[in-house]
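Okay, structure first, notes after.
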Amino acid sequence: MSRNIVVIHGPNLNMLGRREPEIYGTMTLAAIDAALIERATAVGATLSTFQSNHEGALVDVIHGAGWAADGLIINPGALTHYGLSLRDALAMLKAPIIEVHISNVYKREPFRHTSVVAPVATGQISGLGWRGYLLALEWLLGEE
Ligand code: DQA
């Protein structure tokens, strides 16, 4: 079971709730983070969340809090499709990494069908809305 979990949100996810709600829903990032913290806390785990619109800032978080974590959840936003320094930072980690997408990227534009992160992730959840984050958390909490 992962007890020290880090959640990382990439570019534009700070706009959740207002950003294309027909695609991403109406939950704000703050509400998603609060739901994740509530669930982790209820089972005695700690969970911290980060968001940045800058790839280098996300790499810094991975080198710091990400390195110390024993489970990661990441929605890399559009960096999913081309963010090679983000991918390389994730590749250093030994802890399980779950890649989450709110929308089903495989039903959308062709450029969203490629993930440079997927080959270094443990698994991927795509298209289950904001609750994909909660499902990723349940997996990390239940992992042997
Ligand atoms: C996303 C899908 C990406 O293609 C997009 O660039 C995002 C959000 C998702 O959660 O569905 O910013 O990662």
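The values are calculated or read from the model by the stated rules, or taken from the named source; none is laboratory data. From a predicted model like this one, the values you see are computed outputs, not experimental measurements. Ligands, DNA and RNA are excluded from the accessible area calculation, which covers all protein heavy atoms including side chains. Shrake-Rupley method; radii C 1.70, N 1.55, O 1.52, S 1.80 Å.
Here the Kirkwood formula puts the hydrodynamic radius of the chain at 14.9 Å, using every distinct Cα pair. The phi-based Karplus calculation (6.51 cos²θ - 1.76 cosθ + 1.60; θ = phi - 60°) puts the 3J(HN,Hα) values of the stretch 5-18 at 10, 10, 10, 10, 10, x, x, 6, 6, 5, 8, 4, x, 10 Hz, whole numbers, x for Gly and Pro. Within the listed set A57, A30, A42, the residue fluctuating most in the Gaussian network model of the chain (springs between alpha-carbon atoms under 10 angstrom) is A42. Just the protein heavy atoms count here, and of the accessible area of the chain at 1.4 Å, carbon and sulfur take up 56 percent. Ranking of V117, V61 by solvent-accessible surface, largest first: V61, V117 (1.4 Å probe, protein heavy atoms only, all chains present).
Here the Karplus curve 6.51 cos²θ - 1.76 cosθ + 1.60, taken at θ = phi - 60°, turns the phi angles of the stretch 106-117 into couplings of 7, 9, 10, 4, x, 5, 7, 7, 9, 10, 7, 8 Hz, with x standing for Gly and Pro.
Put I125, I97 in order of accessible area, highest first, and with a 1.4 Å probe you get I125, I97.
Of the residues E38, E55, E20, which exhibits the maximal mean-square fluctuation in a Gaussian network model of the chain defined by a 10 Å Cα contact cut-off? Ranking E38, E55, E20 by mean-square fluctuation puts E20 first. At a threshold of 8 angstrom on Cα-Cα distance, excluding pairs fewer than six apart, so keeping six or more, what relative contact order does the stretch 4-142 reach in percent? Here the relative contact order equals 27 percent. Amide H to amide H distances under 5 Å link T46 with N4, I5, where only residues 5 or more positions off or on other chains count and H is placed in the peptide plane.
Residues in the chain average 48 Å² of solvent-accessible surface per residue, probe 1.4 Å, ligands and nucleic acids excluded. When the Gaussian network model of the chain links Cα atoms closer than 10 Å, the mean-square fluctuations of P110, P11, P21 top out at P110.
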